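Here is the structure we will look at.
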Amino acid sequence: MFRKILIANRGEIAMRIIRCCHEMGIDTVLAYSWEDRDSMAVSFSTEAVCIGPAPAAQSYLNQDALISAAKAYHCEAVHPGYGFLSENADFAEACEKNGLVWIGPTADMIRQMGDKQSARTLMKKNGVPVVPGSDGLVADPKEAALVAEKVGYPVLLKATAGGGGRGMRVAADADELEDAFREASAEADAAFGDGSLYLEKLIVNPRHIEVQIMGDSQGHICTLGERDCSMQRRNQKLIEESPARCLNARQRTALYKAALRAAKAAHYMSAGTVEFVLDHSGQFYFIEMNTRIQVEHSVTEMVTGIDLIREQIRVASGLPLSFKQSDVKLQGHAIECRINAENPEKNFAPCPGTISFLHMPAGFGVRVENALYPGCRVSPYYDSMIAKLIVHAPGRLAAIRKMRVALEEMTVEGIDTNINFLYLLMFNRDYMMGNFDTSFLAKDTSTLVRWDEESRKKFGRKAERKDRA
Amino acid sequence: MNLTRDDISYLIREFGESDLSEMKITDEGTTFELKRKIERGAAANAAAVQPAETPVHPGPDAASPEAARPSEAKDDSSDEAVRAPLAGVFYRASKPGAVPYVEPGKHVEKGDIIGLIEAMKMMSEVPAPYAGTVKEIRAEDGVFTGYNDVLMTIVRD
């Protein structure tokens, strides 16, 4: 087992990993940016080293500084968390070359799954249903048009080197195809240095269902249930839950089988997620595989009772999985809300600042993951998620009720957050009935936001004058 | 000047949270002054030392850096402290055995090289940010320095 691990991340996931390591008797070295020098993770880590200034490119993405620091502090392994360098195959490889164990899959697995188009091809070869589309890349608009005619419009042109929703364009019909091709390719070239595209049928307003995978170095691979992450705003997940109540038993089994086949095809190791879209006819398709621990791993932990960070560390140190597939049973229902420092009424504009007052909810089946403390600063340099609020209850309605109470109790002052917005969602009829897909927030956000705004309007002449001012 | 009780509380709080050791406000014959002694450095109570790794001969790979917490180094007046522009192993000379770039007492012009920092075999020169005289060298030769750690103090001309 490792004695010392370098954590190349920040915020709530840094705290999560530090806590897990300390529970396992492993010392931690937290690599932080100057901007995060007063963060909670710096205080709690066994040791901490400043590896660069605020901009991520010079700190959290600074491979040389991170590896130098890991070696100087005699770390045996590196945990990259999520985001930043967690899916950077070159960095994973550089760590291994420098005698640092990478806590995640191998660089080759990251590379293979990171190339979206080749991941698709691998899945197709192994009988995993993929979104109908091109066999490999489409070299030009003419080739794209031929494939589009075959699979049917609307279609999506996607960058093979892409991610985060960039380098993608929709073409609703043949007329839009050429422009869509050129724009997507240009954006992909600018963002990822590679303008190569492949084509997929656009699945309209799907649900997003993903399956958690965990593998060890001895060839054991298990599925750990699914998550429904359909509640998304601009391709960013807002609410995640497990299990996915929209699936029937047959669909769930088929999904797990497909995910396992996908993981086995990649000879996968460590934590990973196989992502699918579920269309309105109940058919699911593989879209991509995430070769890292994810933000929403906590949801799966609640329903399975398995500590995924701990498993990652165990597996990286050469130990086998601490459980068998038959040990994995989903109990109850878990929901996670991402708490963001943003103002829903100002089009979700990020709100960095200083937190003047803080109170977190607690109780049976209530879990909060964050790195906040009263007086802490929320930085403009990094993403706006400041906490994760997770609840677990015997059923979905009970979980929603618990989430309502927890959101009522959660108090963050000094910055704007989406707490009230999430609270309103917990009373939304469609959300409660499970009638939502990835288009929900795009359609209904303004109604919810306006409701809150309207409900705070004051009445009387003085108030009206103030409103008009 | 007219200081209310709130003003005084505010000033005391701000002073306490800053890294100043002295503050004096004078206005129309009235002076308000705050002074304190700051504990130097942080290495003593910061990191758990790794017993097995402590080397006999400190060298570039082997030296264990002291994990100083940045907010505890309160006695560096920002006027004199020269901080590491990047994280990496600090070297005082161009190569092992060579004469160090600077020693305490040496005068430097702005831009003169005062040390090197190496990260993954890439050497970066550290230039003097202003002309002055080197007072004290804080960073150790061959030891990893974090970003913004104080390398040395140079008194401005």
Query - Surrounding net charge for A:Asp36, when Lys and Arg each add one and Asp and Glu each subtract one, Cβ distance under 12 Å - result: +1
**Report entry** Descending semi-axes in Å of segment A:1-148, equivalent ellipsoid built from Cα gyration tensor
**Finding:** 37, 17, 14
Query raised in the report: Local charge sum around A:Ala399 (other residues, Cβ-Cβ under 13 Å, Lys/Arg +1, Asp/Glu -1)?
Result: +2
**Report entry** Distance between segment A:20-89 and segment A:181-209 - C-alpha centres, whole angstrom
**Finding:** 32 Å
Query raised in the report: Which of the aspartates and glutamates could a cross-linker span from A:Lys125 if the Cα-Cα distance has to be under 12 Å and same-chain partners fewer than 8 positions apart are dropped?
Result: A:Asp135
Requested in this report: Quantify how strongly other chains surround peptide A:67-76 by giving the mean number of their Cβ atoms within 10 Å of each of its Cβ atoms.
Outcome: 5
Query raised in the report: Out of residues 5 or more away from B:Phe144 or on other chains, whose amide H comes under 5 Å of its own, with H placed 1.01 Å from N in the peptide plane?
Result: B:Phe90
Report summary line: A student applying the Cα gyration tensor rule (rounded when a/c is under 1.5; otherwise prolate if a/b is larger than b/c, oblate if not) would label segment A:235-348 oblate
Query raised in the report: Based on DSSP H runs of at least 4 residues, each adding -39500 (n - 2.57), what is the mean residue ellipticity at 222 nm of the protein assembly as shown after dividing by all its residues, to the nearest 500 deg cm²/dmol?
Result: -9000 deg cm²/dmol
Report summary line: The Kirkwood hydrodynamic radius of segment A:56-100, taken as the inverse of the mean 1/r over all distinct Cα pairs, in Å, comes to 10.5 Å
Query - Ratio Rg/Rh [Cα only; Rh per Kirkwood] for segment A:76-133 - result: 1.10
Report summary line: Output field shielding_mean for A:51-57 (other chain Cβ, 10 Å radius) holds 2
Report task. Would you compute, for the Cα atoms of segment A:324-456, the largest minus smallest coordinate along each principal axis and list the three values in descending order, in whole Å? Result -> 47, 33, 25
Requested in this report: From other protein chains only, count the Cβ atoms within 10 Å of every residue's Cβ in B:113-121, then give the mean.
Outcome: 3
Query - Order by protection proxy (mean Cβ within 10 Å, highest first), peptides A:235-247, A:365-377 - result: A:235-247, A:365-377
Query raised in the report: For A:Glu210, what charge total do you get from the other residues with a beta carbon under 11 Å from its beta carbon, if Lys and Arg give +1 and Asp and Glu give -1?
Result: -3
Query raised in the report: If we sort B:130-141, A:3-14, A:110-121 on the protection proxy, mean other Cβ atoms within 10 Å, highest first, what's the order?
Result: A:3-14, A:110-121, B:130-141
Query - Above-threshold pairs, the threshold being 25 Å between Cα atoms, out of A:Lys142/A:Lys237; A:Lys4/B:Lys135; A:Lys346/A:Lys388; A:Lys116/A:Lys142 - result: A:Lys142/A:Lys237; A:Lys4/B:Lys135
Query raised in the report: Taking the alpha-carbon centroid of each part, what is the distance from segment A:355-399 to segment B:85-100 in angstrom?
Result: 45 Å
Query raised in the report: Arranged from highest to lowest average of other beta-carbon atoms within 10 Å per residue, in what order do the peptides A:350-356, B:96-102 appear?
Result: A:350-356, B:96-102
**Report entry** Average projection area in nm² (convex hull over Cα atoms of the protein assembly as shown, one quarter of hull surface)
**Finding:** 35.6 nm²
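No value in this document is a laboratory result; all are computed from the given coordinates. Nothing here was measured: the structure is a model prediction, and the numbers come from that model. Note that we place each Cβ from the backbone using ideal geometry, even for glycine, and neighbour counts take in every protein chain shown.
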